[in-house]
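Reviewing the structure listed below.
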Amino acid sequence: MTVRVRFSPAPSGELHVGSARTALFNWLFARHEGGTFLVRIEDTDVSRTREEWVDAIGDTLRWLGLDWDETPWRQSERIDVYLAAADRLLASGAAYECFDTPEELDEMHAARKAAGLAPGYDGRGRDLSADDRARLAAEGRPRTVRFRTPDSGPSTFTDVVRGEVTVEWSTISDFVIVRSDGSPLFFLANAVDDLEMGITHVVRGEDLIDTTHRVLAIRRALGSDQVPLYAHLPLILQADRAKLSKRHGAVAVEDFRARGVLSEALFNYLALLGWAPDDDREVMDRAEIVDAFSLTRVTHSAAIFDDKKLEWINGEWIRRLAHDVIVDRIRPFAHDRYGVGLDETLLDAAVTIGQERASTLVALADQMDFLFAGDGFTVADTVWADVATVEQPAAVLDAVITH
RNA sequence: GCCCCCAUCGUCUAGUGGCCGAGGACGCCGCCCUUUCAAGGCGGUAACGGGGAUUCGAACUCCCCUGGGGGCACCA
């Protein structure tokens, strides 16, 4: 079987490190297995989608070094496919039409919660007659399509990292697959696409583990007896053990990029969050990681994102990369900061110092402050005071190089 | 509230019944190198959440508790 995986981001913001890690693991798995890595934009919710995010996510993936194999899919261009599937589910009785108003649903949720149940749905629309439905539709009530879940019995699937995952159907109520505005929802689109695109392995965050039962149920109702192999990755948490959020500093890949984290370093660090090779290596390049990667070695518990360790790996990479490569990457920073009159010789000298001591490209740029500005040095306090007091740039350079 | 998942140093992790009086890395603390900062070298600090059970023997198996996380939407 040829491995076929996909990364399916919702374009509702910049790519954050959690999603990037998911993309990375999918990519690593595909490359390791010689399989295919696809990108599928899950933009069925038009209100949350912005075209600029679609482009931004692509740029970020490219920057990280994650290349995809086929033209990216857009779910927004396949709406009719999902609705056709919904019609089939309706025809077979696997799904049914509902005409509940938002107010009625709110009331029901409150009542169910008070009764110690999950918000869910009480199935009130399940057994409406054709006449009932026609009448309610005629009243102008909103029409949605719900998937009918089994009343009882176990739902089990095999997860590569977690083993057998079982849940009782009675805890999962009927859920909406087509909105009142006629657009399809995640569960439907996801099930249809994974099926039609021949996805063999679904690698995603653990926050989606509970949705698997529903997606699998839709697949079966659609007539498929094929089940992709799932692998739910442990979540990435903040230092306070809460889910990563924008309130707590950098979470978007672009934030790290702007901060001067090298692509190689973030790739390397992210690979180590939730996975470890079977030896002691930590600083590894892309090829080494692809070679060593395996889903069976993915860890089980949530990991805290550690900036310190990222900084360390970044420093390793700054020192490891060829001098010219760093000069090329630092040039935009230097240019922004010091303008057109950029002195290439000094830039070169700054990188020399930077590779020796900096952990991030921004810190490296700080080294340049005193080289370019002469007296205004921001290098850690009194560091290199004697060198910085030399007035002639040439002498500074000399001192730096011979130091 | 209900459901699911998870549980080794502060953090990332190795570990799949004896090789573990628990290994590596980051961080932190010393010392060395160095005119100073880094980098580097050397050393140190620090963990199997608790209780049962199985076993000749449990970090590794099972159960309970506790703790943490996630889910329960006309978001994905």
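Throughout, read-outs are computed from the coordinates displayed, never taken from laboratory work. For clarity, every value in this text was computed on a predicted model and none was experimentally measured. Please note: Cβ atoms are built from the backbone with ideal geometry, for glycine as well, and neighbour counts cover all protein chains shown.
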Could you tell me which numbered condition A:Thr22 fails, if it satisfies all but one of (1) hydroxyl-bearing (Ser, Thr, Tyr); (2) part of a loop (DSSP other than H, G, I, E, B); (3) crowded, with 19+ Cβ neighbours inside 10 Å?
-> (2)
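Among the candidates A:Val192, A:Val161, single out the residue that is β-branched (Val, Ile, Thr), more than 9 Å from RNA strand B (Cβ to nearest atom) and within 23 Å of the chain's Cα centre (by Cα). Lay out the reasoning, then the answer.
On the way: A:Val161 fails: more than 9 Å from RNA strand B (Cβ to nearest atom).
The unique qualifying residue is A:Val192.
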Of A:Val253, A:Val215, A:Val176, which residue is in contact (Cβ under 8 Å) with a residue 24 or more places away in the chain and surrounded by fewer than 21 Cβ atoms within 10 Å (Cβ to Cβ)?
-> A:Val176
When restricted to A:Gly65, A:Gly58, the only residue under 30 Å from A:Asp255 (Cβ atoms), free of Cβ contacts under 8 Å to residues at least 60 places away in the same chain, away from RNA strand B (no atom under 15 Å from the Cβ) and surrounded by 13 or more Cβ atoms within 10 Å (Cβ to Cβ) is A:Gly58
Between a first residue in the range A:113-135 that is without any contact (Cβ under 8 Å) to a residue 60 or more places away in the chain and within 13 Å of A:Thr149 (Cα to Cα) and a second residue that is in a loop (DSSP other than H, G, I, E, B) and more than 10 Å from RNA strand B (Cβ to nearest atom), which pairs have beta carbons less than 9 Å apart while being 6 or more apart in sequence or on different chains?
-> A:Gly123/A:Arg148; A:Gly123/A:Asp151; A:Arg126/A:Arg148
With A:Arg74, A:Arg124 as the choices, which residue is within 13 Å of RNA strand B (Cβ to nearest atom) and either among the small types (Gly, Ala, Ser) or under 31 Å from the mean Cα position of the chain (by Cα) (or both)?
-> A:Arg74
Can you find even one residue in the range A:283-296 that is near RNA strand B (Cβ under 7 Å from one of its atoms) and either surrounded by 14 or more Cβ atoms within 10 Å (Cβ to Cβ) or more than 25 Å from A:Val202 (Cα to Cα) (or both)?
-> no
Reported set for the range A:106-134 where residues are in a loop (DSSP other than H, G, I, E, B) and closer than 19 Å to A:Ala95 by Cβ is A:Gly120, A:Tyr121, A:Asp122, A:Gly123, A:Arg124, A:Gly125, A:Arg126, A:Asp127, A:Leu128, A:Ser129
